[in-house]
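K.L.:
Pasting a structure here, questions to come.
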Amino acid sequence: MLDLANRELKFIPGVGPARAELLKKELQISNQEDLLYIFPYKYIDRTKFHQIAELTSDVSYIQLRGKFLTFETIGTGRVKRLRAMFSDGTGTIEVVWFKGLKYVEDKYKPGVEYILFGKPSVYGHQLSMAHPDIETVTVNAAYPKAGLQPFYNTTETMKSHYLNSKALHTIQVSLIRSIQERIPETLPDSMLKKYRLMPLHDALTQMHLPTDQARLKQARYRLTFEELFYLQLHILKYTKDREKKYRGYPFRHIGALFNTFYHDYLPYELTNAQKRVLKEIRHDMGQERQMNRLLQGDVGSGKTLVALMSMLMAADNGFQSSIMAPTEILANQHYETITSFLDGMSVRVGLLTGSTKPKDRKVLHEGLLSGDIQLLIGTHALIEETVQFKNLGLVVIDEQHRFGVAQRSRLWLKNEMPPHVLVMTATPIPRTLAMTVYGDLDISVIDELPPGRKPVKTVHQYENKRAPIIQFIRGQLAEGRQVYIVYPLIQESEKSDYKNLEEGFKMTREAFPDVEIGMVHGKLKPAEKEAQMQAFVSGKSKILVATTVIEVGVNVPNATIMVIESAERFGLSQLHQLRGRVGRGADQSYCMLVTSYKLSEDSRKRIEIMTSTNDGFEIAEADLKLRGPGDLEGTQQSGIPFDLKIANLSRDVQLTEFVRNLARSVLEVDPELSSEENRVMKIQLKKRFSQSINWGVIS
Ligand code: ADP
Ligand code: MG
């Protein structure tokens, strides 16, 4: 059977060893099959000619047939350009060149028939096209040309070796023409029939040599369908395997600690969402299989309490648990919150961070090894090898996107059987993406805020209008409230980037001379940072000028204003996180997005979204649409362990759900994919995913 994966690139007619090397290196591919899966990023319709008289300002690429009327050189020196008028009998269009003037003038003549291909723009009433592709009309050729012209992404290096989009297309065509047999099918025949999918051979051919829009669309659909189907099949199958494989400690009963806390110590009623999630967690941990659960809840939804009560379940069953926070400030904050919740109960809680003194560390280590310490709160410090537990039963990871995968995996080595894992995140992940990235984790969602919270009011303000901002802040300060002012930093390590922050600090001091103002950023020594944060938490300082180090999880209910400077430089999820620092108390809170006057289209959209909704999920969906999934915060580190060649998770939502159900029903009937008909699926799974890391285990 034909196996293109075993055929070398250099054997494609017209390629040879040198170009093969270039392709390999630049496109990260290794064989002919890989090359076929390098798809065009767009197609341009050359099947028809446009008429100049009918052009509107919103057309993109067009094809014209006609003659040049005049050529003239305009300007001198560096601003010199060549300007021609081109007519197709219905009207005229201006054509300009800024480079290669001499070449153009020599080559093209008035009165000769040409085909122009390019993207017009409008200046005033004049249509104009710069540097079009030009073809001379020849007697024997048929016009317009059949088909759609594909465009491929190429690298600078490729271009400098004459391997541009056109050349790559020629290679693809040459490859397709050299294939004598049909490319073997990768989906069962019954599926092709049932869902009317184009055979693989035809789909791949269409992608590179499309005959018309309709067939191209079918080809794309078939390939997207297949890509998403195998992804879902992999995830579902693998989840089943994991269920069988990874046994966990069953926490069979709810005991004294949990009940005492619930009835006598809990300062408020749990929200329904918190109750539901606790039930889900309890159910999971009661099984003999290891829990791997992602808890999503918007900022301020009360995840900490859910974590604490889950940890009490572990303690009731004689197990230790730990909660790991991404920063020292957060670990300290959790420690304070949790110890004050538990004040009066006999639960031993430990705190372990980078600044824990060696002496205290030793005591902690002993307490953990003997089992005396039931709850351990900490930072990365707690995954060091020297930290050993008597019986670690549950690990809670707060604000998951700050942890690298490798760090998380070390937790698994702490015990004989893996502890239950609860990953908490305030960066909501849209459903499609969650299904794909975390398809093998169970997901709980707290979709309700504690009662009495007033939604944060968000306004947009241009930076040249500071007076109203300052006045507003003054009013809130007079009422005893506190204020965050946040500046962007591109790289915490770059000194020049601190200029903004320092100037902002100075400006704030001048505007509020009689107010205590703190400043925190990533370059402060931990102790100094801690002192500044503490001053703000305790209410001693009233304004905190900061970088995004405060983004994650800090809780100061008395703070009611979040001013975000240069807001256009932040991503949506970051803006949302920052805004979540206010609106944590009973008072009305405000978020002010300060931007420069000139905003890009994308920045304007982001600001618009922020001022129109407080819903983290809505914002995450919008973010996914604006940026595309690869870019989404939280997925980079958790890593989509595969790269999608044609599917797009934000666009193909419905298809994803459809093929997921399909994959599920396939597995229900034939869990091992051992039937003759499903054999092809088994082969595909192996081929596509045998390299991928076992992500579920290390999340
Ligand atoms: P996050 O989900 O962002 O981590 P936190 O756990 O920090 O949120 O909770 C935010 C605030 O809401 C805390 O002050 C917490 O004590 C409070 N809180 C949590 N649950 C409830 C509840 N059911 N009713 C009222 N307040 C609550
Ligand atoms: Mg939190």
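The values are calculated or read from the model by the stated rules, or taken from the named source; none is laboratory data. The model shown is predicted, which means the values in this text are computed figures rather than measured ones. Note that we place each Cβ from the backbone using ideal geometry, even for glycine, and neighbour counts take in every protein chain shown. In case anyone asks, the SASA skips ligands and DNA or RNA and just uses the protein heavy atoms, side chains included. Shrake-Rupley method; radii C 1.70, N 1.55, O 1.52, S 1.80 Å.
K.L.:
Name the one entry in Leu101, Leu127 that is at pLDDT below 90, crowded, with 18+ Cβ neighbours inside 10 Å and not β-branched (Val, Ile, Thr).
P.N.:
Sole residue among the options that is at pLDDT below 90, crowded, with 18+ Cβ neighbours inside 10 Å and not β-branched (Val, Ile, Thr): Leu127.
K.L.:
Name the residues in segment 252-265 that are surrounded by 14 or more Cβ atoms within 10 Å (Cβ to Cβ) and assigned to a loop (DSSP other than H, G, I, E, B), would you?
P.N.:
Matches in segment 252-265: Ile254, Gly255.
K.L.:
Tell me which residues, restricted to segment 277-318, are of a type in the set (Gly, Ala, Ser) and either outside the structural domain of Ile383 (by TED's automatic domain parsing) or not in a helix (DSSP H, G or I) (or both).
P.N.:
Gly297, Gly300, Ser301, Gly302, Gly318
K.L.:
Just need a number here: residues in segment 139-174 that are open to solvent by 40 Å² or more (accessible area, probe 1.4 Å), in a helix (DSSP H, G or I) and of a type in the set (Ser, Thr, Tyr).
P.N.:
Total meeting the criteria: 3.
K.L.:
Only one residue in Thr339, Thr327 is more than 27 Å from Thr271 (Cα to Cα), within 16 Å of ligand 1 (Cβ to nearest atom) and either open to solvent by 10 Å² or more (accessible area, probe 1.4 Å) or modelled with pLDDT of 95 or more (or both), so which one is that?
P.N.:
So the residue among Thr339, Thr327 that is more than 27 Å from Thr271 (Cα to Cα), within 16 Å of ligand 1 (Cβ to nearest atom) and either open to solvent by 10 Å² or more (accessible area, probe 1.4 Å) or modelled with pLDDT of 95 or more (or both) is Thr327.
K.L.:
Which residues, taken from segment 45-76, are among the β-branched types (Val, Ile, Thr) and buried (at least 17 other Cβ atoms within 10 Å of the Cβ)?
P.N.:
Hits for segment 45-76 are Ile52, Ile62.
K.L.:
Please state which one of Tyr268, Tyr221, Tyr246 is more than 30 Å from Phe689 (Cα to Cα) and open to solvent by 40 Å² or more (accessible area, probe 1.4 Å).
P.N.:
One residue alone meets the criteria, Tyr268.
K.L.:
Let me ask something else. Where in segment 62-138 are the strands (runs of 3 or more DSSP E), entirely inside, with at least 3 residues that are polar (S, T, N, Q)?
P.N.:
62-74
K.L.:
Looking at segment 606-624, I want the residues that are on the phi < 0 side of the Ramachandran plot and have a partner that is among the aromatic types (Phe, Trp, Tyr) with Cβ atoms under 9 Å, at least 6 apart or on another chain. Which pairs are those?
P.N.:
Arg606/Phe570
K.L.:
Within segment 1-44, work out how many residues are of a type in the set (Asp, Glu) and either part of a helix (DSSP H, G or I) or surrounded by 15 or more Cβ atoms within 10 Å (Cβ to Cβ) (or both).
P.N.:
Total meeting the criteria: 4.
K.L.:
Also, quick follow-up: Residue check: is Ala273 open to solvent by less than 50 Å² (accessible area, probe 1.4 Å), under 24 Å from Asn391 (Cβ atoms) and not in a loop (DSSP other than H, G, I, E, B)?
P.N.:
When the stated conditions are applied, Ala273 does not pass them.
K.L.:
Same structure, new question: Counting just the residues of segment 277-309 that are of a type in the set (Lys, Arg) and touching a residue at least 60 places away in the same chain (Cβ under 8 Å), which one comes out farthest from ligand 1 (Cβ to nearest atom)?
P.N.:
Across segment 277-309, the extreme among qualifying residues is Arg293.
K.L.:
In the set Leu312, Leu236, Leu305, which member is more than 16 Å from ligand 2 (Cβ to nearest atom), farther than 30 Å from Thr186 by Cβ and out of contact with any Pro (no Cβ under 8 Å at 6 or more places or on another chain)?
P.N.:
Leu312
K.L.:
When you go through Leu411, Leu422, Leu364 one by one, which is the residue that is open to solvent by less than 30 Å² (accessible area, probe 1.4 Å), at pLDDT 75 or above, outside the structural domain of Leu575 (by TED's automatic domain parsing) and closer than 21 Å to Gly248 by Cβ?
P.N.:
Result: Leu422 is the single residue among Leu411, Leu422, Leu364 that is open to solvent by less than 30 Å² (accessible area, probe 1.4 Å), at pLDDT 75 or above, outside the structural domain of Leu575 (by TED's automatic domain parsing) and closer than 21 Å to Gly248 by Cβ.
K.L.:
Turning to a different aspect of this structure: Taking Lys240 as the residue in question, decide whether it is out of contact with any Lys or Arg (no Cβ under 6 Å at 6 or more places or on another chain) and either farther than 26 Å from Pro450 by Cβ or surrounded by 14 or more Cβ atoms within 10 Å (Cβ to Cβ) (or both).
P.N.:
Criteria met by Lys240.
K.L.:
What are the pairs, 6+ residues apart or on separate chains, where a residue within segment 535-547 that is on the phi > 0 side of the Ramachandran plot has its Cβ under 7 Å from a residue that is assigned to a loop (DSSP other than H, G, I, E, B)?
P.N.:
That search, which allows pairs on different chains as well, returns Gly539/Asn558.
K.L.:
Looking for whichever is within 24 Å of Glu399 (Cα to Cα), part of a strand (DSSP E or B) and out of contact with any His (no Cβ under 6 Å at 6 or more places or on another chain) here; the options are Leu351, Leu330. Which one fits?
P.N.:
Selected residue: Leu351, the only one of Leu351, Leu330 that is within 24 Å of Glu399 (Cα to Cα), part of a strand (DSSP E or B) and out of contact with any His (no Cβ under 6 Å at 6 or more places or on another chain).
K.L.:
Would you pick out the residues in segment 300-325 that are among the polar types (S, T, N, Q) and closer than 16 Å to Arg282 by Cβ?
P.N.:
Within segment 300-325, Ser310, Asn317, Ser321 qualify.
K.L.:
Considering each residue of segment 226-251, count those that are in contact (Cβ under 8 Å) with a residue 60 or more places away in the chain and in a helix (DSSP H, G or I), and give that number.
P.N.:
Selection size over segment 226-251: 15.
K.L.:
Looking at this structure, is Ser321 part of a helix (DSSP H, G or I) and either away from ligand 1 (no atom under 16 Å from the Cβ) or farther than 26 Å from Lys454 by Cβ (or both)?
P.N.:
It is false that Ser321 is part of a helix (DSSP H, G or I) and either away from ligand 1 (no atom under 16 Å from the Cβ) or farther than 26 Å from Lys454 by Cβ (or both).
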